[in-house]
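What follows is one structure encoded as C-alpha cells, with my remarks underneath.
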C-alpha cells in the first residue's frame, strides 16, 4: 500500500503542475480575448470552447490534489468537538464514502459512454474530452481513500508539504 500511496503522491504533484500550466494558458487566453475585443471589436473564435475545456480539467485535477493533501472544502465544526477516536472514525466514514462515490461516478460514466458522440461547433472538440476528466479525479481519489482506510492514514500528506 505504501507503493500505491507514493505513486498517488507523484500523480498529485503531476496534476498540480499540469493545472498550473492550464491556469497560465487560461489567463493568457482570456487576456488576449479581452485585448482583442477592446482593440479590434472581435474576440477569438471558439475561445469559449477552450475556456470551458480548460476549466473542466483544472477543477477535476485539482480536486484530487486538494483531497490528497486534505485541503478540500470541508466543514469540521462538529468533528472538531469530538475526541480523537471519534474523529478518526469520522475520517474512516468519509474515506469509505469517497470510495463508494468514486465507484458510483465511474459506473454512471460507463452508462452514458455510448452517448458521448457530440462535438463542439468551432474546434469540434469531442464531448469525451470533457466527460473523461472525472476519471482522472475519481480514480486516484478513490484509490487514495482506499489507502487511507486500509492503512489507517488520517492525512496523506502533512500540512504544508505541497505548494498548493
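The values are calculated or read from the model by the stated rules, or taken from the named source; none is laboratory data. What you see is a predicted model; the values in this text were computed from it and never measured. FYI the Cβ positions are ideal-geometry reconstructions off the backbone, even for glycines, and counts take in every protein chain you see.
Please list, ordered by first then second residue, the pairs with beta carbon atoms under 6 Å, 6 or more apart or interchain, first in region 97-119 and on the phi < 0 side of the Ramachandran plot and modelled with pLDDT under 90, second surrounded by 11 or more Cβ atoms within 10 Å (Cβ to Cβ) and in a helix (DSSP H, G or I).
If the second residue must be surrounded by 11 or more Cβ atoms within 10 Å (Cβ to Cβ) and in a helix (DSSP H, G or I), the pairs left are 116/128; 116/131.
What are the residues in region 10-48 that are touching a residue at least 12 places away in the same chain (Cβ under 8 Å) and over 15 Å from the mean Cα position of the chain (by Cα), if any?
Residues satisfying the conditions are 25, 26, 29, 30, 32, 33, 44, 45, 46, 47.
Counting only residues that are more than 30 Å from residue 147 (Cα to Cα) and touching a helix residue (DSSP H, G or I) at 6+ places or on another chain (Cβ under 8 Å), which one in region 95-131 is surrounded by the fewest Cβ atoms within 10 Å (Cβ to Cβ)?
It comes out as 121.
Taking residue 134, is it in contact (Cβ under 8 Å) with a residue 60 or more places away in the chain and surrounded by 11 or more Cβ atoms within 10 Å (Cβ to Cβ)?
When the stated conditions are applied, residue 134 passes them.
Hey, does region 36-46 have a residue that's within 21 Å of residue 131 (Cβ to Cβ) and assigned to a loop (DSSP other than H, G, I, E, B)?
The answer is yes, given that some residue of region 36-46 is within 21 Å of residue 131 (Cβ to Cβ) and assigned to a loop (DSSP other than H, G, I, E, B).
Working carefully through the options 139, 65, find the one that is in contact (Cβ under 8 Å) with a residue 40 or more places away in the chain, within 20 Å of residue 14 (Cβ to Cβ) and out of contact with any strand residue (DSSP E or B) (no Cβ under 9 Å at 6 or more places or on another chain).
Matching residue, one of 139, 65: 65.
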